[in-house]
1. Using the structure shown, decide if Ala86 is assigned by TED's automatic domain parsing to the domain that holds Leu239 and modelled with pLDDT under 75.
2. When the stretch 332-350 is examined, which residues are found to be among the β-branched types (Val, Ile, Thr) and either surrounded by fewer than 16 Cβ atoms within 10 Å (Cβ to Cβ) or touching a Pro at 6+ places or on another chain (Cβ under 8 Å) (or both)?
3. Given the structure, is Leu316 surrounded by fewer than 20 Cβ atoms within 10 Å (Cβ to Cβ) and aliphatic (A, V, I, L, M)?
4. Of the residues that make up the stretch 357-373, is at least one surrounded by fewer than 16 Cβ atoms within 10 Å (Cβ to Cβ), in contact with a His (Cβ under 7 Å, 6 or more places away or on another chain) and outside the structural domain of Leu63 (by TED's automatic domain parsing)?
5. Considering Ser285, Ser312, which residue is of a type outside the set (Phe, Trp, Tyr) and touching a residue at least 40 places away in the same chain (Cβ under 8 Å)?
6. Would you please list the contacts, defined by Cβ atoms under 6 Å and residues six or more apart or on different chains, that run from a residue in the stretch 160-175 that is more than 14 Å from Gly143 (Cα to Cα) to a residue that is assigned to a helix (DSSP H, G or I)?
7. When you check Ser294 against the structure, is it surrounded by fewer than 21 Cβ atoms within 10 Å (Cβ to Cβ), within 30 Å of Lys23 (Cβ to Cβ) and touching an Asp or Glu at 6+ places or on another chain (Cβ under 6 Å), yes or no?
8. Somewhere in the stretch 386-398, is a residue hydrophobic (A, V, I, L, M, F, W, C) and closer than 23 Å to Phe56 by Cβ?
Amino acid sequence: MKDKELPLGTKIEQIVRQPTIGKKSVSEIIEKIYTSEEHNLFFSRIRESETHKKLFFLHRFDLFGEAQFIPYFYSADIPERRREEAPNSKALQYVISKEVVVRDSGDYLLSFLGIPEPHAKEFGEDFKDILAYLTILVIRSNGDLVNLINAEEFDYKTMKSILKNYENISFDVVGRQLAEVFKGNRGELDPVIRSKIEKLISQIISGLTGNIVRFAESYRKMMPNMMLPFHKLSRMWLLTILTKARLDIEEYVNILDNLHIHKLIENISTVFWCENCSLENPSYSEYHGRIGPSKIARNECLNCGRTQSYSSIFSLDELLKDAIFSKDGFIVVYFGWLLKKEKIPFNVGEYSSEYENDFIINNNTLVECKMFKLEKDTIAIESELENSIAQIRKHLDSLNKIEGQIKYTYLIWNRYESPKELMYLFSSFQTKLIDEQFFEFVVDIFSL
């Protein structure tokens, strides 16, 4: 079935499942990071810190989830006695269920405008009469619209053939008629419609004047806090990241602090709530402004005096996000930055015949980088390696047919397996893919 014939639901599902891949080239991202003082300093910090490497060398699926829609970093308090349980907060869920409810904005708007409930229906009818009258007035004043309405057939092609780019459609008649109303002139406007317009304008101005303070104090009744749902699973997602990266909470917060110092993350939402009180009377407080992750205070509840819980959401700097979501993953950007830092000449993302090579260094070394997802068994890892090395073999053959100068080949990956473990994994397919000398050229990114 062709793509255009797919049901809309299927198309939406395909869009949702598409990986989030940045559009900037790897070479462009590397250059921008190298020439940015803050990014350059932070990448130097990654180079020096094992804990930073553990977090940033996670595959983006492990870091942000398979959907990747919202690439946020989270911080939250994790009760010591329940850290192994990946706890959600029942109190926070209760707060969210009560707060994130979109009120009937139509009813609230009428109330805000000072329209008494008995007159609400009349107000609505008058509004519809005015809208219908002015719509018809516009149509009658534009010959192309009249012809289109009177045409025997109607579809998109017919509409575009008559209206083209809409340059001949004029709404001036509406402006002229409303101007006459404000000037007090009779003009051509129907007296009944004129009366309705004057009445609605008077009601709206009167309501705005009398209710501006009320609106300022209660606008949230119409507009819920849309960030609250993202806090709902903050503890559980944070525990997931800590487990995958093999970090403790203090190490993780230290990484966030470093990101914050270099202005590579921004605190976009921090909420505090009381686990004790919020189950009976939903309440929470929000913090707005720049605050370091390690300095997020755990305030005392004003009702019971107990320490409040908290959750923070941090958005990522765009260039850092580009690096994480580059088509070949963060490792390629980081390794390219290392080469540039050490002033080692390299080409990145260039093609030889039909293959794109990650790095060609000094014109004699091929380096391919692979960023694998975690939580795979030995068989799956072996399969990944077999495929990767088979791919490298093809790249090498293609390069040597053209240049014949590649003498060294490296595979850089984001796993911790030791050389002995690699030897064991390779034992089943070493003869058909590579010679023994290749083993010493498998490098984990953590050692660089």
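The values are calculated or read from the model by the stated rules, or taken from the named source; none is laboratory data. Because the structure is a prediction, the values reported are computed rather than measured. For neighbour counting, all protein chains shown are included, and Cβ atoms are generated from backbone atoms with ideal geometry for every residue, glycine included.
1. On the way: assigned by TED's automatic domain parsing to the domain that holds Leu239: yes; modelled with pLDDT under 75: yes.
Judged against the criteria, Ala86 is a match.
2. Keep residues of the stretch 332-350 that are among the β-branched types (Val, Ile, Thr), which gives 332-333, 344, 348.
Answer for the stretch 332-350, where residues must be among the β-branched types (Val, Ile, Thr) and either surrounded by fewer than 16 Cβ atoms within 10 Å (Cβ to Cβ) or touching a Pro at 6+ places or on another chain (Cβ under 8 Å) (or both): just Ile344.
3. Values: surrounded by fewer than 20 Cβ atoms within 10 Å (Cβ to Cβ): yes; aliphatic (A, V, I, L, M): yes.
It is true that Leu316 is surrounded by fewer than 20 Cβ atoms within 10 Å (Cβ to Cβ) and aliphatic (A, V, I, L, M).
4. Narrowing the stretch 357-373 to residues surrounded by fewer than 16 Cβ atoms within 10 Å (Cβ to Cβ): 362-364, 373.
Now narrow it down to the ones that are in contact with a His (Cβ under 7 Å, 6 or more places away or on another chain): 373.
Filter once more, so that each one left must be outside the structural domain of Leu63 (by TED's automatic domain parsing): 373.
Yes, the stretch 357-373 has at least one match.
5. On the way: Ser285 fails: touching a residue at least 40 places away in the same chain (Cβ under 8 Å).
Unique residue meeting the criteria: Ser312.
6. Matching pairs, first to second residue: Val174/Leu134.
7. On the way: surrounded by fewer than 21 Cβ atoms within 10 Å (Cβ to Cβ): yes; within 30 Å of Lys23 (Cβ to Cβ): no; touching an Asp or Glu at 6+ places or on another chain (Cβ under 6 Å): yes.
Judged against the criteria, Ser294 is not a match.
8. Let us first name the residues in the stretch 386-398 that are hydrophobic (A, V, I, L, M, F, W, C), namely 389-390, 392, 396.
Keeping just the survivors that are closer than 23 Å to Phe56 by Cβ gives none.
Checked the stretch 386-398: no residue is hydrophobic (A, V, I, L, M, F, W, C) and closer than 23 Å to Phe56 by Cβ.
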